[in-house]
Every structure is written in structure tokens, then in C-alpha cells.
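These notes concern the structure reproduced below.
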Amino acid sequence: MSSNGLVNCIEVEGVTVSFDGRTVLQDIHWSVPCGSAAGIIGPNGGGKSTLLRTLIGTVRPDKGTVRIMGRTGRPSPGLLSYVPQNEEIAWHFPVSVFDVVLQGRLGKKKWWERISPEDREAAMAAIRRVRLEEHAFRPIGDLSGGQRQRALLARAVAQDAQIILLDEPATGLDATAQHDLLEILDEMRDEGKTIVATTHDLDCLTDHFDSVLCLRGRVVCQGVPRETLTPETLSLVFGRHVAVFTEQGEVTMIEHT
Amino acid sequence: MNILDALVEPFQFGFMVRAFAGVSLIAVLSGIVGTFIMLRGLAFIGDAVAHASFGGIVLAMLVGIPLHIGALVFGFGTALLVAALERKTKLQADTSLAILFTGAFSIGVLGLATRPGFAGDLSSLLVGSVLSIRPADLWWIVAAVIVAGLVMMVLFRRLVYISFDASGAEAAGLPVGWLHTLLLGLVALSVVVSLQAVGAILVVALLITPAATASLFTKRMERLIAGAIGIGLVATWAGLYASYYLATPPGATIVALLTLQFGCALIVQKTRERVTKKGAVHAA
């Protein structure tokens with residue numbers, strides 16, 4: 001429960017979204033309790049990113065309502081932080097990690113307000129929080145994939161966002177980088193932040209997420225990952241991909257050929 | 001004549017003083033706005049704005065309103081329409097650009113045909129005539145530098161944010177659409193006030209090339225802007241001196257020097273890279 005007594009920080013009721021006459025999301029009912037971590041899985045084109053964009057307010061549903069912290073309409077500035085897919089970001093831009101993290105302070109400011117010494121302190125604290133202090137003044141483009149993701153998380157920390165949405169944050173990261181990222185997400189969740197991430201990695205869902213939503217244009221399954229991700233539901237979600245259990249009892253995917 | 005005399009001599013002419021003042025201010029403007037244009041891949045929009053402005057200039061001439069106003073309306077209008085078409089239709093940005101700027105350009109050519117006396121102005125519009133910058137043109141450039149400077153002073157970090165990560169900025173609550181439109185407005189303004197110096201065909205080089213050259217040497221936005229301004233100042237001043245003493249067309253001389261600077265910088269940077277790599281291999 002959040003500090004203001006809300007149970008669910010995200011509530012999606014009967015949301016349908018279509019582009020050019022093609023239905024991308026159909027009748028989605030879903031909620032995310034405040035201070036929990038929710039994973040979204042599904043095949044490419046299954047509507048994961050569209051759902052995130054609907055939460056942000058950049059995609060308007062044809063039907064249904066989205067409530068963020070109990071309110072409909074565009075979320076108030078600074079409430080949400082979004083970490084988009086890697087390729088959506090202009091990494092070549094000549095900015096340092098510190099500059100990027102400072103961006104987190106802009107959402108809640110009026111347009112004429114400048115960056116203050118407190119903002120700089122908050123940005124440095126956020127950088128330390130994600131353990132990137134050694135790289136604070138390096139160009140963001142020189143960092144590894146995992147470090148870049150952590151820098152964007154530091155931006156969310158500096159913003160003091162209550163809800164953090166991540167689109168495929170683990171894609172392309174090696175095991176150590178994934179582990180570091182998930183560890184920070186765990187800590188943020190434990191501090192009361194609400195985390196939503198789309199992912200292809202089913203292993204991490206069971207260990208790090210409180211709930212999972214399986215999307216294939218519509219809701220195929222949702223619930224606690226360990227109970228929800230069965231071979232039956234997974235083959236319904238991914239179609240020709242088949243889920244198997246490893247010897248350690250973890251779920252993993254193999255492609256059916 | 002000693003070097004000092006040679007450097008001072010052009011300044012005895014009012015038109016040369018205005019030309020030097022004009023290109024210096026344009027170099028500052030290009031350094032600020034051109035850096036964003038280059039980093040955001042908006043060069044093609046700058047080019048289209050320049051060509052579309054030509055239609056606006058001719059119409060303004062025919063109607064009898066200030067040419068800059070006509071150029072701005074057509075230039076900014078094209079940039080806005082391209083952004084709108086990209087959002088509302090399935091057309092690629094470069095397709096709608098090609099349709100719009102050639103359309104606006106054709107209006108200019110048709111307009112000129114109705115007044116045969118204007119034909120002489122055509123070449124100066126296309127390749128520029130920096131030596132005929134009037135005081136009023138200078139004021140336009142000063143105004144553009146002030147506007148761009150003020151916008152950057154207040155909104156620099158926000159413009160960097162929407163350029164680096166538009167979706168992230170939108171989620172955090174920044175007015176991304178407005179800021180993008182403002183940036184397009186600055187592009188249109190910079191192109192229009194620089195037209196007089198180098199003309200519609202060459203103006204994009206003045207905006208892009210100094211930033212591109214500077215980008216070979218730094219990964220910091222502030223240094224990139226400062227570097228682009230410095231590089232632009234060197235090329236425009238050297239170009240004006242060269243055209244004064246060698247009687248070459250000034251606009252084209254400036255752009256040729258900018259290109260030469262870029263070529264040399266590229267060679268220096270690649271050589272440096274190779275030396276560093278070799279050093280690393282030897283060290284290993």
C-alpha cells in the first residue's frame with residue numbers, strides 16, 4: 001500500500017487499443033499493487049510496449065480507463081519514469097552520465113526554473129545509489145549496456161518517480177549486468193517504488209517479480225509467476241515456442257522447430 | 001603591404017564590415033542551433049526549409065512585405081507540416097519533405113516568372129550575396145542570435161533531454177511536442193537569417209559542417225557548441241578575406257573552406273586513432 005492509502009498504483013480496466021484498424025490490445029484488465037514489481041511477457045507484437053505507452057499516456061485507448069495512482073488522464077509530471085528500449089535512445093548524444101541523471105530533476109520543474117545545487121546533489125546521490133560514481137562524468141555512449149541501464153535507473157531515482165516502467169531492460173545484457181540491474185530494481189521495490197518491466201527472460205520473473213502479466217494482444221494469464229508460468233500457459237502465450245523446466249526447477253523457453 | 005595592413009584593409013568598406021559582422025553572428029548561431037540539427041539528424045529539414053523559404057521570399061517581394069517574414073512563414077510552415085504529416089500519415093518524413101519543399105520552391109519560380117525584372121535576384125537568393133548584407137539584415141541576424149541564445153539559456157537541458165530520449169522525457173511530463181516545435185522554429189529562423197550570406201543551396205553547410213567537424217574531437221555538448229562556433233568563425237573570416245583578395249564568390253568560398261576543414265579534421269582524427277591503436281598494441 002502506498003503512503004496515501006492506495007492499494008493499486010496502476011489500474012487498467014477494459015483497455016482496447018488499435019492502430020490503423022488493427023487491434024493491438026483487447027479488453028485488458030490488470031492492476032499493479034503499490035510497491036510491487038510486475039513483469040509483462042509476450043511475443044513480439046503482443047502489445048507489451050503499447051501497454052507501457054498507454055500507461056504513460058502517449059497512446060490513448062479506444063475503450064477502457066487507465067488509472068495511475070488513482071487518477072485518470074495524463075499522469076502528473078515526475079510521477080512516472082520510463083526506461084525505453086535501448087534502440088530508442090540517442091546514445092551518441094554528447095552528454096555525460098551526470099547530465100542524463102540530472103534530466104530526472106526536470107520533470108517536476110517549471111519551464112523557467114534552472115538546475116539548483118540541490119538538484120546536482122540529488123543526481124550525485126542517485127549515481128552513487130546505482131554504483132556508477134566512477135563513471136559519473138564519462139560520456140553516456142562510452143558505457144556498457146548494463147551501466148547505461150543503471151544510469152537511466154539513476155535518472156528515475158533522481159526524479160523520485162513513484163512508478164518506474166522499463167521496456168526490455170535486460171535485453172542484450174550479460175548475466176552479471178542483468179543480476180546487478182535486477183538487484184537495484186529489487187532494492188527500489190523494497191523502498192516502496194512500483195516497478196513494471198517487459199521481459200523475455202522468464203527465469204528472472206520468478207525470482208524478482210511479484211506478479212506477471214502474459215500478453216498476446218489480450219491477457220492470456222496473470223498472477224504470481226511461479227504459479228502462473230506453466231508449460232500450458234506459456235505455449236498459449238508464445239505459440240510455437242515451448243516452455244520447459246530445467247533441473248533446478250526454473251522455467252526456460254526453447255523454440256519448437 | 002604587410003600582413004596587418006592586409007587584414008585591416010577590407011574594413012575600410014562599409015559592406016565588408018557588415019559582411020564580417022554578419023558571418024560572425026551567423027557562425028555563433030550555427031554553432032548553437034547547428035549542433036542540435038546535426039545531432040538530431042535534422043540536416044534534411046534545414047535543407048528543405050532553405051528551399052521552401054525561397055518561395056516565401058519571392059511571394060514577399062511580390063506582395064511588398066519584409067522578405068524575412070515571407071521566408072520564415074514558408075520555412076517554418078514547411079518544417080511544421082513535415083512534422084504533422086509524419087505523425088498523421090504513413091508517409092516517411094523524407095517523402096513529405098521532398099513534396100513540400102519542391103512545391104514551395106516551384107511557387108517561388110512561378111512568382112519570379114510573373115515579374116521578369118526579378119530574375120537577376122534569383123542567383124543571389126540561391127547562392128547568396130554576403131557583400132550586400134544591409135543593416136536591416138544584420139538586425140535580423142542579431143535578433144536570431146538573441147532568441148537562440150535565450151532559448152538555450154533557459155531550455156538547453158530540456159532540449160537535450162527530448163533529443164536524447166523523447167519517450168523518457170514525455171513520460172516524465174516534459175512538453176515534448178512543444179519543445180520539438182520550438183527547435184524546428186529555431187532551425188527555420190537560423191536558416192532564414194543565414195540565407196543572405198550563402199544562399200538557399202549552401203546554407204545547410206554553414207549550419208551543419210562546423211558542428212560535424214567539432215564532433216570529431218569532443219563528446220561533450222558544451223565543448224561541441226563552443227568548438228563549432230570557433231570553427232565557423234575561422235572559416236567565415238578566412239573565406240571573406242580569400243574572396244576579397246582572390247575575387248572569388250564569398251558564399252561558395254566559405255562553404256569550400258568549411259568542407260576543407262572537415263576533411264582535414266577527419267584525416268587528423270583518423271591518424272590519431274590509428275596511432276593510439278598501434279600504441280595500445282605495442283604496449284600489450
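Any read-out appearing in this document is the output of simple, stated calculations on the displayed coordinates, not a laboratory observation. In this text, all values refer to a predicted model and were calculated from it rather than measured experimentally. Heads up, the Cβs are rebuilt from the backbone with ideal geometry, glycines too, and the neighbour counts pull from every protein chain shown.
Some observations on this one:
- In this rough spin-label picture, where each label sits 7 Å from Cα along the Cβ direction, the B:Val8-B:Lys90 distance is 6.9 nm.
- Loop trypsin sites (Lys or Arg not before Pro), region B:47-147 (other Cβ atoms within 10 Å of the site Cβ: 13 or fewer; DSSP): B:Lys90
- Separation of alpha-carbon centers, region A:85-127 and region B:194-221, rounded to whole Å: 27 Å
- At 0.890 mPa s and 25 °C, Stokes D of region A:90-161 from Kirkwood alpha-carbon radius, µm² per second: 205 µm²/s
- A simple spin-label model places pseudo-atoms 7 Å from Cα toward Cβ; at A:Glu88 and A:Val7 they are separated by 3.1 nm.
- Cβ-defined net charge surrounding A:Lys109, 15 Å radius [Lys, Arg +1; Asp, Glu -1]: +4
- In order through region A:154-164: 3J(HN,Hα) via Karplus (6.51 cos²θ - 1.76 cosθ + 1.60), integer Hz, x for Gly, Pro: 4, 4, 5, 5, 4, 6, 6, 5, 7, 10, 10
- The per residue volume of the convex hull around the alpha-carbon atoms of region B:1-124 is 145 Å³.
- Under 16 Å from the A:Arg74 label point (7 Å along Cα→beta-carbon), backbone N, region B:165-186: B:166-182
- Values of log10 I(q)/I(0), in the order q = 0.07, 0.08, 0.09, 0.10 Å⁻¹, for the protein assembly as shown under a Debye, Cα-only, solvent-free model: -0.51, -0.64, -0.78, -0.90
- Distance between the pseudo-spin-label points of B:Val109 and B:Ala247 (7 Å out from Cα toward the beta carbon): 3.3 nm.
- Helical mean residue ellipticity (222 nm; -39500 (n - 2.57) per DSSP H run of 4+; nearest 500) of chain B: -28500 deg cm²/dmol
- Between region A:198-236 and region B:145-180, the Cα center-to-center distance that results, in Å: 38 Å
- Dipole magnitude of region B:13-270, debye to nearest 20 (Cβ charges: Lys/Arg +1, Asp/Glu -1, about Cα centre): 300 debye
- Charge-dipole axis of chain A as Lys and Arg at +1 and Asp and Glu at -1 on Cβ define it, positive-most pick from A:Ser211, A:Val17, A:Gly47: A:Val17
- Separation of alpha-carbon centers, region A:1-63 and region B:237-262, rounded to whole Å: 58 Å
- The simple Förster model, with R0 at 22 Å and r as the Cβ-Cβ distance, assigns B:His282 and B:Arg220 a FRET efficiency of 0.15.
- For a straight C-alpha distance cut-off of 20 angstrom, no lysines are reachable from A:Lys109 once same-chain residues fewer than eight places away are disregarded.
- Cut-off under 5 Å, modelled amide H: who pairs with A:Ile28 long-range: A:Gly14, A:Val15, A:Thr16
- Restricting region A:112-176 to trypsin sites (Lys or Arg not before Pro) that sit in a DSSP loop and have at most 14 other Cβ atoms within 10 Å of their own Cβ leaves A:Arg114, A:Arg131.
- Contact order relative to length of region A:90-161, as percent, for alpha carbon pairs under 8 angstrom and 6 or more apart: 51 percent
- With a cut-off of 15 Å on the backbone N, the residues of region B:159-180 near the modelled label site 7 Å out from A:Thr58 along Cα-Cβ are B:161-180.
- Between A:Ala37 and A:Ile195, A:Asp210, A:Ser211, the built amide H atoms are under 5 Å apart, and every one of these is 5 or more places off in sequence or on another chain.
- FRET efficiency estimate (nearest 0.05) - Cβ-Cβ, A:Ser31 to B:Met153, R0 51 angstrom: 0.70
- Neighbours of A:Asn86, meaning other residues whose beta-carbon lies under 12 angstrom from its beta-carbon, give a summed charge of -4 when Lys and Arg score +1 and Asp and Glu score -1.
- Under a 5 Å amide H cut-off, with hydrogens placed 1.01 Å from N, A:Leu166 pairs with A:Val83, A:Val196, A:Ala197, A:Thr198 among residues at least 5 apart or on other chains.
- Size of charge dipole - the protein assembly as shown - debye, nearest 20, with Cβ of Lys, Arg +1 and Asp, Glu -1, no other charges: 1380 debye
- Estimated from helical segments only, the mean residue ellipticity of chain A at 222 nm is -9000 deg cm²/dmol, where each DSSP H run of four or more residues counts as -39500 (n - 2.57).
- Test item: Cα-centred dipole of region A:90-161, Lys/Arg +1 and Asp/Glu -1 on Cβ, debye: 180 debye
- ³J(HN,Hα) computed for each position of region A:132-144 - Karplus, 6.51 cos²θ - 1.76 cosθ + 1.60, integer Hz, glycine/proline x: 10, 4, 5, 10, 3, 10, 7, x, 4, x, 7, 7, 6
- Mean Kyte hydropathy of 0.5 or more with a Cα span along the axis of at least 15 Å, helices from DSSP in chain B: B:14-29, B:43-63, B:67-88, B:93-114, B:135-164, B:176-215, B:221-246
- When each of the peptides A:35-46, B:30-41 is scored by the mean number of other C-beta atoms lying within 10 Å of its residues, the order from highest to lowest reads B:30-41, A:35-46.
- Counting lysine pairs in chain B whose alpha carbons fall under 30 angstrom apart, excluding pairs fewer than 8 residues apart on the same chain, gives 4.
- Across chain A, the mean sequence separation of Cα contacts (distance under 8 Å, 6 or more residues apart), normalised by length, yields a relative contact order of 24 percent.
- In the protein assembly as shown, taking the dipole from charged Cβ atoms about the Cα centre, the farthest positive-side position among A:Thr233, B:Val17, A:Gly78 is held by B:Val17.
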